[in-house]
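The values are calculated or read from the model by the stated rules, or taken from the named source; none is laboratory data. Bear in mind the structure is a predicted one, so any value in this text is a computation, not a measurement. Reconstructed Cβ throughout: ideal geometry from the backbone, glycine too, with neighbour counts over all protein chains shown. When the accessible area is computed, the model is the full protein with side chains, heavy atoms only, and any ligands, DNA or RNA have been set aside. Shrake-Rupley method; radii C 1.70, N 1.55, O 1.52, S 1.80 Å.
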Amino acid sequence: TPGSVLTPVPGQEGRERLSVCSKLCYAVGGAPYQITGCAIGFFLQIYLLDVAQLDPFSASIILFVGRAWDAVTDPMVGFLISKTPWTPLGRLMPWIIFSTPFAVISYFLIWFVPDISRGQMMWYLVFYCIFQTLVTCFHVPYSALTMFISTEQSERDSATAYRMTVEVLGTVLGTAIQGQIVGTVITPCIESPLFVAEINSSVAMEELNMTRDTGSLSDTRNAYMIAAGVIGGLYILCAVILSVGVREKRESSELRSDKPVSFFQGLKLVMNHGPYIKLIAGFLFTSLAFMLLEGNFALFCTYTLGFRNAFQNILLAIMLSATVTIPFWQWFLTRFGKKTAVYVGISSAIPFLIMVVLLDSNLIITYIVAVAAGISVAAAFLLPWSMLPDVIDDFKLQHPDSRGHEAIFFSFYVFFTKFTSGVSLGISTLSLDFAGYQTRGCSQPSKVNITLKMLVSAVPVGLILVGLLLFKLYPIDEEKRRKNKKALQDLR
């Protein structure tokens, strides 16, 4: 039936096959997190600085605290899910269903400029944190759902590939909707005098405030709200498709010897599991590299490269490239192994990140770099979610009497990634403040351009190299995966 996840294949007793329809319904559930996350990741910083007209320090506080709070909510929600009893809808699905409408409302309010003279920073901080909490209530149970749709490792890997394709397509939609709607309106900029970086910043800001074109800025603000409304509608549609088309199977994650273990006992066991810590450490640095690139790329294209009216199309090129190469990386990891895919896929971005800052500003070169970066982004998207189930299977073999820890594995991976990205984005926005960033300036001081080059090239390249070195320690190769699979089948 359409509502059933598992479709038996005649003649293959004991094996669970997921229908294409079930995989697609499951995959669609990953889109809301990516659509909203991509729109926020690429556009929130430039929106706060140039549209909401906050100073860089206030923007850095919002970005850091919002991301840090987002990180904290992941283990909190993971804990609450572990205490949630099974219902007719499952243990995970009620979280997804009930969080959706409130998440959409708070998302819209992030992109609304309140008509208040004071307290704008608190407005954005509060609604950003509320939205991050609610989207976590959607995404943590959705991520853990991977372990509840099939006992077959190959079927989970296949469903993950479907999911990653849709999620990267979600990033395309987020970039396209936000970028193309906002891109139809040119945000007014201010020609700053050459000496503006040298004089007192508060005096400079007062002079700039007097020259602002409020009419054009109002159009830009309306465009951001329209984009938020469209994205909110897609969020609701995807949540409906997921809840109607997927039914979580309690028995899919349980072994015959399962006995309940408390959350904190489980957390201690999970954090002492070597392969999990090594996997997190490697992806922590590589994910951080791409998040820094994401957070600063719009500013880099606008000011350093001078493509103010083309940056949304460059961002779209990155995401389209990532979407079309997800199936290639899924084939690559099944053919050559997941560790090899990590080294080849993620390292492929390095030469292009170096090229974009060393060569003179050139739109064609920038598009080539965007496409190449997208290929690497696809690998960075797919691999963590494809490798986490392998770590969980390895954990189950070492702790056969322990169960129900899937949400802990997924939520703490997301926790570490988000917390470090919050720190890095806060520091990167602060560094722009120290370099003399001018809100809504048509151009920026040379120190700002140098800082942006560091944030989208030198620092991400260094983080990628550290992450790849850490992956040398990750112990689960293809032979180990095959052994774990056979041992788990014997346990069930």
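Scanning the stretch 425-440 for residues that are of a type in the set (Ser, Thr, Tyr), open to solvent by less than 20 Å² (accessible area, probe 1.4 Å) and more than 11 Å from Asp55 (Cα to Cα) gives a single hit, Ser428. From the list Leu473, Leu455, the lone residue that is in the same structural domain as Pro351 (by the TED database), at pLDDT 80 or above and surrounded by fewer than 19 Cβ atoms within 10 Å (Cβ to Cβ) is Leu473.
Looking at the stretch 137-150, can you tell me whether even one residue there is open to solvent by 30 Å² or more (accessible area, probe 1.4 Å), part of a loop (DSSP other than H, G, I, E, B) and either at pLDDT below 85 or under 30 Å from Lys396 (Cα atoms) (or both)? Within the stretch 137-150, none of the residues are open to solvent by 30 Å² or more (accessible area, probe 1.4 Å), part of a loop (DSSP other than H, G, I, E, B) and either at pLDDT below 85 or under 30 Å from Lys396 (Cα atoms) (or both).
Of Ile326, Ile318, Ile314, all but one fail to be over 17 Å from the mean Cα position of the chain (by Cα) and either open to solvent by less than 20 Å² (accessible area, probe 1.4 Å) or in the same structural domain as Gln153 (by the TED database) (or both); the exception is Ile314.
When the stretch 45-56 is limited to residues that are assigned to a helix (DSSP H, G or I) and at pLDDT below 90, the one that is nearest to Asp433 (Cα to Cα) turns out to be Pro56. Among residues that are at pLDDT 85 or above, open to solvent by less than 10 Å² (accessible area, probe 1.4 Å) and farther than 15 Å from Phe43 by Cβ, Lys278 is not included. All conditions but one from (1) of a type outside the set (Ser, Thr, Tyr); (2) farther than 26 Å from Leu284 by Cβ; (3) surrounded by fewer than 23 Cβ atoms within 10 Å (Cβ to Cβ) apply to Cys129; the one that does not is (2).
Screening Ala289, Ala341 for residues that are closer than 22 Å to Ile40 by Cα, assigned to a helix (DSSP H, G or I) and among the small types (Gly, Ala, Ser) leaves exactly one candidate, Ala289. Does the stretch 381-396 include one or more residues that are closer than 25 Å to Met355 by Cβ, open to solvent by less than 10 Å² (accessible area, probe 1.4 Å), part of a helix (DSSP H, G or I) and touching a residue at least 40 places away in the same chain (Cβ under 8 Å)? Yes, because at least one residue in the stretch 381-396 is closer than 25 Å to Met355 by Cβ, open to solvent by less than 10 Å² (accessible area, probe 1.4 Å), part of a helix (DSSP H, G or I) and touching a residue at least 40 places away in the same chain (Cβ under 8 Å). Scanning the stretch 463-479 for residues that are closer than 10 Å to Gly282 by Cβ and not in a helix (DSSP H, G or I) yields a count of 1.
A count restricted to the stretch 155-187 and to residues that are under 14 Å from Ile314 (Cα atoms), open to solvent by 10 Å² or more (accessible area, probe 1.4 Å) and of a type in the set (Ser, Thr, Tyr) stands at 0. Across the stretch 355-367, the qualifying residues are those that are loosely packed, with under 15 Cβ neighbours inside 10 Å and in contact (Cβ under 8 Å) with a residue 12 or more places away in the chain, and the one among them that is nearest to Leu305 (Cα to Cα) is Ser361.
Identify the residue in the stretch 366-392 that is hydroxyl-bearing (Ser, Thr, Tyr) and under 16 Å from the mean Cα position of the chain (by Cα) and, among all such residues, is modelled with the lowest pLDDT. Within the stretch 366-392, the match that is modelled with the lowest pLDDT is Ser386. Only one of the numbered conditions (1) part of a helix (DSSP H, G or I); (2) touching a strand residue (DSSP E or B) at 6+ places or on another chain (Cβ under 9 Å) is violated by Leu488, and that is (2). Exactly one residue among Leu269, Leu237 is at pLDDT 50 or above, assigned to a helix (DSSP H, G or I) and touching a strand residue (DSSP E or B) at 6+ places or on another chain (Cβ under 8 Å), and that residue is Leu269. If the condition is being farther than 20 Å from Glu248 by Cβ and of a type in the set (Gly, Ala, Ser), then the stretch 104-149 contributes Ser106, Ser117, Gly119.
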